[in-house]
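The values are calculated or read from the model by the stated rules, or taken from the named source; none is laboratory data. What you see is a predicted model; the values in this text were computed from it and never measured. We place every Cβ from the backbone using ideal geometry, glycine too, and count neighbours over all the protein chains shown. To get the accessible areas, we keep the full protein, side chains included, count just its heavy atoms, and leave off ligands, DNA and RNA. Shrake-Rupley method; radii C 1.70, N 1.55, O 1.52, S 1.80 Å.
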Amino acid sequence: MGPACIPQKVLKKPKMMDQMMYGLTGGATQTLGLMPLEQPVGYLIEGNHAYVAAAQGEPVSTDVVQPANGAEVLAVIAVHENDHVLIWRMASNDANLLNRMLASQVDFGAGTPQALYPGHIG
């Protein structure tokens, strides 16, 4: 999400940016059939504010494609970096696989690459 999509007032106030990212991650896990695992949690990646939210369950979908066992674990991460908000939405029917994906390292050029999410989901 580029700066043109973010209100200037939000770009200038870190607390407002945190509130926006809290809502972006938490709202994305509000899918019919999924239960949130926890409220969005804030943390830092290379000094950038980030939020993660997760949910699990059996999503109700009109798509033909559904996980084989009907279960899904979803994680949504938002990171504020240089007046942009980067958003990752990852889903799997296996919590261990999702956690391995979340352990992937990202590098915003400010130091040593870090895990996208250093914690554990599920």
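Taking region 5-40 as the region of interest, how many residues are of a type outside the set (S, T, N, Q), over 14 Å from His80 (Cα atoms) and either within 12 Å of the chain's Cα centre (by Cα) or outside any loop (DSSP other than H, G, I, E, B) (or both)? Quick ask: steps written out before the conclusion?
We begin by selecting, within region 5-40, every residue of a type outside the set (S, T, N, Q); these are 5-7, 9-18, 20-24, 26-28, 32-38, 40.
Filter again for over 14 Å from His80 (Cα atoms), leaving 9, 26-28, 32-38, 40.
After this cut, where a residue has to be either within 12 Å of the chain's Cα centre (by Cα) or outside any loop (DSSP other than H, G, I, E, B) (or both) as well, the list is 9, 26-28, 34-38, 40.
Here the count works out to 10.
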Flag for Gly42 being under 19 Å from Gly119 (Cα atoms) and open to solvent by 40 Å² or more (accessible area, probe 1.4 Å): yes
If Val60 meets every condition in (1) under 16 Å from the mean Cα position of the chain (by Cα); (2) open to solvent by 30 Å² or more (accessible area, probe 1.4 Å); (3) among the aliphatic types (A, V, I, L, M) apart from one, which number is that one? (1)
Members of region 82-122 found to be over 14 Å from the mean Cα position of the chain (by Cα) and open to solvent by less than 60 Å² (accessible area, probe 1.4 Å), listed by number: Ala95, Phe108, Gly111, Pro113
Can you list residue pairs whose Cβ atoms sit under 9 Å apart, with the first residue in region 107-122 being acidic (Asp, Glu) and the second being outside any loop (DSSP other than H, G, I, E, B) and open to solvent by 70 Å² or more (accessible area, probe 1.4 Å)? Count only pairs 6 or more apart in sequence or on different chains. Asp107/Gln114
Does Tyr51 qualify as being of a type in the set (Phe, Trp, Tyr), in contact (Cβ under 8 Å) with a residue 60 or more places away in the chain and open to solvent by less than 50 Å² (accessible area, probe 1.4 Å)? no
With the checklist (1) farther than 15 Å from Ala78 by Cβ; (2) in a helix (DSSP H, G or I) in hand, flag the one item Val60 doesn't pass. (2)
